[in-house]
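Readers should treat all values here as calculations from the given coordinates under stated rules, not as data from a laboratory. The structure displayed is predicted, hence computed values, not measured ones. Neighbour counts run over all protein chains shown; Cβ positions are idealised from the backbone, glycine included.
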Protein chains: 4
Amino acid sequence: MIQTKFQSCIEACLDCVAICNQCAIACLNEKEVAHLKKCIQLNLECVAICQAAANILSLDGKFSKDICKLCMEICNACAEECEKHVAMGMEHCRECAEACRKCAQACEEMMAA
Amino acid sequence: MIQTKFQSCIEACLDCVAICNQCAIACLNEKEVAHLKKCIQLNLECVAICQAAANILSLDGKFSKDICKLCMEICNACAEECEKHVAMGMEHCRECAEACRKCAQACEEMMAA
Amino acid sequence: MIQTKFQSCIEACLDCVAICNQCAIACLNEKEVAHLKKCIQLNLECVAICQAAANILSLDGKFSKDICKLCMEICNACAEECEKHVAMGMEHCRECAEACRKCAQACEEMMAA
Amino acid sequence: MIQTKFQSCIEACLDCVAICNQCAIACLNEKEVAHLKKCIQLNLECVAICQAAANILSLDGKFSKDICKLCMEICNACAEECEKHVAMGMEHCRECAEACRKCAQACEEMMAA
């Protein structure tokens, strides 16, 4: 089987791509969109890094650990922002924060491997 | 839950991104790499379209069905090429063909939805 | 020189990637952001397709004409939306519409080649 | 005009995306493809990071300097590998090394800004 030791990290990154895009669009459709600008921007930044990390890991790239380190940082920043909106009942932000934390965790484990 | 009606199609596209990248690198490391050029090129083309399709679907884009149509075609072309190498024992091509066919199927179902 | 016959089309697609991202963020920072949702969503959709088109063309992919056809359609849709905001003084939308029309034109020429 | 202070860095990253893809395919079509594996793999890794950097910069992302730092490192690694093949007459590697060095330089300047 094509199974790299990084499979779970790749999957966490790809999940994060989809969920961050979905969170960005859901934020855009909230009445309070003006308060969610920073969230949308971080969502999109998170999509970009998670996509790159998934590609570099699945290409078995030389810089896999380096991209995971940066991916972890961006995912944590996005999660932190999303978490601010959970109390306001934004379910998409709750889910997104969860996916970002999970991805950050997977990146950290990958770096320690 | 952020659950679009296209969730399973997004997941199939993202699986295909990872597996096509992995197949490209595995082909590159085969002794017969010279015979696998077309396969590697289609793998990379498939990564590009599946990534775009996953993004457009998760952005709930207006052109979701159009990108799925093209994604289905490229996935089928990549699967067809990979299937030629299964008899030669290339497990990565077998797995890649399977992921591509699954993605093509998910795209077809999405278009019919 | 690595010069494909598609060089100008690749460049137009890549320009469009950067300008559509910049337009999305500029829209997000407008006071009227609530009226610019559709524009932001199309900007992001346009980024996804232009990125895929640039990749497939530069990989000399088999489906180059097909991706250009879809890229042309999405670029025209994005331009049409952006053009609605030019009269409101949104310079980023004027520039984005221009880049999208130029990319659509380059895709059309590439398809005719 | 949508002109970020990072415009020249964004352009250098996007140039690098196209040229690295083209170098990967050109390498794949060389008779000596078996000796160019590492080059192709680095080309693809470089595409992934340059794409992410161009996206994050054009989104005016919070992590712009961080992604530029990693982009600089990967571009230099890809350039170093490509430069080994210039003496063998591989024009695509010469051009690719040039684009990678230029991108690394633009990233360095951006980080210092």
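Quick check on my filter: what residues within region C:52-65 are facing another protein chain (nearest Cβ under 7 Å) and either in contact (Cβ under 8 Å) with a residue 60 or more places away in the chain or of a type in the set (S, T, N, Q) (or both)?
Result: C:Asn55, C:Ser58.
Quick one: count up the residues across region C:7-17 that are crowded, with 24+ Cβ neighbours inside 10 Å and either more than 14 Å from chain B (Cβ to nearest Cβ) or over 20 Å from D:Leu57 (Cβ atoms) (or both). Let's see the steps before the verdict.
Our first condition is that a residue be crowded, with 24+ Cβ neighbours inside 10 Å; within region C:7-17, this holds for C:9-10, C:12-14, C:16-17.
Next, from what is left, pick out any that are either more than 14 Å from chain B (Cβ to nearest Cβ) or over 20 Å from D:Leu57 (Cβ atoms) (or both): C:9, C:12.
Selection size over region C:7-17: 2.
Within region C:66-83, how many residues are more than 14 Å from chain D (Cβ to nearest Cβ) and either without any contact (Cβ under 8 Å) to a residue 40 or more places away in the chain or more than 16 Å from the chain's Cα centre (by Cα) (or both)?
Result for region C:66-83: 10.
Which residue, of A:Gln41, A:Gln22, is without any contact (Cβ under 8 Å) to a residue 12 or more places away in the chain and either within 28 Å of B:Asn21 (Cα to Cα) or among the polar types (S, T, N, Q) (or both)? Steps first, answer last, please.
On the way: A:Gln22 fails: without any contact (Cβ under 8 Å) to a residue 12 or more places away in the chain.
The unique qualifying residue is A:Gln41.
Can you find a residue in region D:45-55 that is among the hydrophobic types (A, V, I, L, M, F, W, C) and touching a Lys or Arg at 6+ places or on another chain (Cβ under 8 Å)?
No, there is no match, as no residue in region D:45-55 is among the hydrophobic types (A, V, I, L, M, F, W, C) and touching a Lys or Arg at 6+ places or on another chain (Cβ under 8 Å).
Criterion first (in contact with a helix residue (DSSP H, G or I) (Cβ under 7 Å, 6 or more places away or on another chain), among the small types (Gly, Ala, Ser) and within 11 Å of another protein chain (Cβ to nearest Cβ)) does B:Ala97 satisfy it?
It is false that B:Ala97 is in contact with a helix residue (DSSP H, G or I) (Cβ under 7 Å, 6 or more places away or on another chain), among the small types (Gly, Ala, Ser) and within 11 Å of another protein chain (Cβ to nearest Cβ).
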